[in-house]
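Q: Next up is a structure, given as structure tokens.
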Amino acid sequence: VFHLSHKVTRVVPESALLIVLGVFLGGIVWAADHIASFALTPTVFFFYLLPPIVLDAGYFMPNRLFFGNLGSILLYAVIGTVWNAATTGLSLYGVYWTGIMGNLNTGLLDFLLFGSLIAAVDPVAVLAVFEEVHVNEVLFIIVFGESLLNDAVTVVLYNVFESFVTIGPENVTGIECVKGIVSFFVVSLGGTLVGIFFAFLLSLVSRFTKHVRIIEPGFVFIISYLSYLTAEMLSLSPILAITFCGICCQKYVKANISEQSSTTVRYTMKMMASGAETIIFMFLGISAVNPKIWTWNTAFILLTLVFISVYRVIGVVLQTWILNHYRMVQLEIIDQVVMSYGGLRGAVAFALVALLDETKVKEKNLFVSTTIIVVFFTVIFQGLTIKPLVQWLKVKKTEHREPKLNEKLHGRAFDHILSAIEDISGQIGHNYLRDKWSNFDRKFLSKVLMRRSAQKSRDQILNVFHELNLKDAISYVAEGERRGSLAFIRSPSTDNMVNVDFSTPRPSTVESSVSYLLREKAGPVCLDMQALEQRRKSIRDTEDTVAHHTLQQYLYKPRQEVRA
């Protein structure tokens, strides 16, 4: 129903509509039963709803962009989250001492615990809103990567402060604080390593599934989920585990599994993620309709909203100022505005606050109420206004298209030149490391984790050749449908099937044959799919045809030789 009316979905993000629908449904249930029979429980959220979303994000992550901006993402995710948690918690505690909030049964550690869980920028909310806005890739990967990795940071901070609350403020010593810091690194790095281990295991398994194609997609889901459960069982970060499992296995798995399995994995993963997303936002709405969890404190709620917004802006501006000293592609003021505004809170904060123990944290209901208000405010209000903001600021949008062969060629040439310059000048930078990694991958990893046939089929020239043949076949079939028979291909008048001329004007809207386009000039040939697509609309041939002269020479000879 949402998507039938484009007027609504163009203005209101789906996540906001789902929350409103959830509140409406929750109201109906409450009116009927007078008990809140449905609520989003942390167990259901962390074990069943979050893994498919994070796996989908990791498996379809643009690796090059992610690792190219990893330094920036880590700075925002780790330092930014600690900054937000500490400043929000301390500021609320400071205001509490002035007496504005009235009489609350809490201490400093409770405020810091609340600060740590409310600092979680939620990947589900960010994805739901930013995918509809289409900001440029660098901005999207930084905001989304930060939300993905800062979840892990938030959960670790939350666990540290919760254990402090459990042992009591009087028992928190310097040693306990050091233990907290060490556990933070152990949990994060440990989770990442578990994810990488399972990614390699999955790649290795997919190498030997040639005779059991039907169960290939099953392995992808089961082994990825195993990485999540294993990390959880070892008290490491499960979110980081499944993220890095998806990121590290995608290249090898996609090469190993068949085309049909790949399609199955893609659609199943997207379907599960979008289903989980829908359930989460609906249940956030439904969970709010329960008078037992509501404790209202206007000063506390309003100040929380003010503090998380203000400190988010300050944090982003300070960190970007530091980063821009080291980044080649600077993050402009406009980007910083969108990043500050994109700090959406969501189900992670709600699930963490629902986990609190009422016997230890006396003001649990106040924290729950405030979290629900913050989630609703950020997802509905900021979600509604971010699209107009992006249009008003004229933020650079992304272009969804495959790069042309020419662009790929130049991109690769620049990679080599940059890594050579870094090598000569003795700098170890992104390009040098990428070059070393791709060599290591080519010599060792690919040989172990990819089956032989997959290694051969990675040849770019063969790929273009394969695509061209597919296009040819499609255009012949289309022409055959128009004529009502495929006999024209075999007729003696056309001594060679590639000389069929489809250029005569005809009423049908069938695209002209690629074969014809390839042979409209007898000289060098353009083998670039995108250029061919565009040439039907505009004549931009010379540069492309010259660039691909070599490709054409080598591609069309073997075809003639093997005809016999």
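The values are calculated or read from the model by the stated rules, or taken from the named source; none is laboratory data. What you see is a predicted model; the values in this text were computed from it and never measured. Cβ coordinates were reconstructed from backbone atoms using ideal geometry, including for glycine residues, and neighbour counts include every protein chain displayed. For the accessible areas, the whole protein counts, side chains as well, though only heavy atoms, and no ligand, DNA or RNA atoms are used. Shrake-Rupley method; radii C 1.70, N 1.55, O 1.52, S 1.80 Å.
Q: Could you give me the ³J(HN,Hα) list for the stretch 301-315, computed from phi with Karplus coefficients 6.51, -1.76, 1.60 and θ = phi - 60°, whole Hz, x at Gly and Pro?
A: Computed from phi, the couplings for the stretch 301-315 are 5, 5, 5, 4, 4, 5, 5, 5, 6, 5, 5, 4, 4, 4, x Hz.
Q: Enumerate the calculated ³J(HN,Hα) couplings along the stretch 345-361 in order (Karplus 6.51 cos²θ - 1.76 cosθ + 1.60, θ = phi - 60°), each rounded to whole Hz, writing x wherever the residue is Gly or Pro.
A: 8, x, 5, 4, 4, 5, 5, 5, 6, 6, 6, 4, 8, 5, 6, 8, 9
Q: With a 1.4 Å probe and all protein chains kept in place, how do Glu402, Glu132 rank by accessible area, largest first?
A: Glu402, Glu132
Q: Could you list, in their original order, any pairs among Lys251/Lys447; Lys408/Lys447; Lys7/Lys387; Lys292/Lys362; Lys251/Lys397 whose Cα atoms are separated by more than 18 Å?
A: Lys408/Lys447; Lys251/Lys397
Q: Tally up the carbon and sulfur contribution to the accessible surface of the stretch 410-472 as a whole percent, 1.4 Å probe, everything protein left in place.
A: Answer for the stretch 410-472 is 63 percent, counting heavy atoms of protein chains only.
Q: Check which residues have an amide H placed less than 5 Å from Gly346's amide H, if you skip close sequence neighbours.
A: Here Asp122 satisfy the definition.
Q: If I model a spin label at Ala39 and Lys443 as a point 7 Å from the Cα along the Cα→Cβ vector, what separation in nanometres do I get?
A: With each label point 7 Å from Cα toward Cβ, the separation is 5.8 nm.
Q: Rank Trp30, Trp321, Trp437 by accessible area, highest first, at a 1.4 Å probe radius?
A: Most to least solvent-accessible, the answer reads Trp321, Trp437, Trp30.
Q: With all protein chains present and a 1.4 Å probe, how do Tyr326, Tyr48, Tyr228 order by accessible area, largest first?
A: Result of the area sort, largest leading: Tyr326, Tyr48, Tyr228.
Q: Same structure, new question: Using the Karplus curve 6.51 cos²θ - 1.76 cosθ + 1.60 with θ = phi - 60°, work out ³J(HN,Hα) for each residue of the stretch 77-86 in order, rounded to whole Hz, and write x for Gly and Pro.
A: Per residue, the Karplus-derived 3J(HN,Hα) values read 6, 8, 5, x, 5, 4, 4, 4, 5, 5 Hz.
Q: OK, next. Leaving out ligands, DNA and RNA, what percent of the accessible area of the stretch 15-393 is carbon and sulfur, probe 1.4 Å?
A: C and S atoms contribute 73 percent here.
Q: Tell me, what is the percent relative contact order of the stretch 46-117, built from C-alpha pairs under 8 Å that lie six or more residues apart?
A: It rounds to 33 percent for the stretch 46-117.
Q: Take the alpha carbon gyration tensor of the stretch 410-472, find the square roots of its eigenvalues, order them as a ≥ b ≥ c, and report rounded if a/c is under 1.5; if not, report prolate when a/b exceeds b/c, else oblate.
A: Here the stretch 410-472 falls in the oblate category.
Q: Under a Cβ-only charge scheme (Lys and Arg +1, Asp and Glu -1), can you give me the dipole magnitude of the stretch 410-472 about the Cα centre, in debye to the nearest 20?
A: Result for the stretch 410-472 is approximately 420 debye, rounded to the nearest 20.
Q: Moving to a separate point now. To the nearest 10 square angstrom, what accessible area does Phe219 show with a 1.4 Å probe?
A: Approximately 70 Å² of Phe219 is accessible to the 1.4 Å probe.
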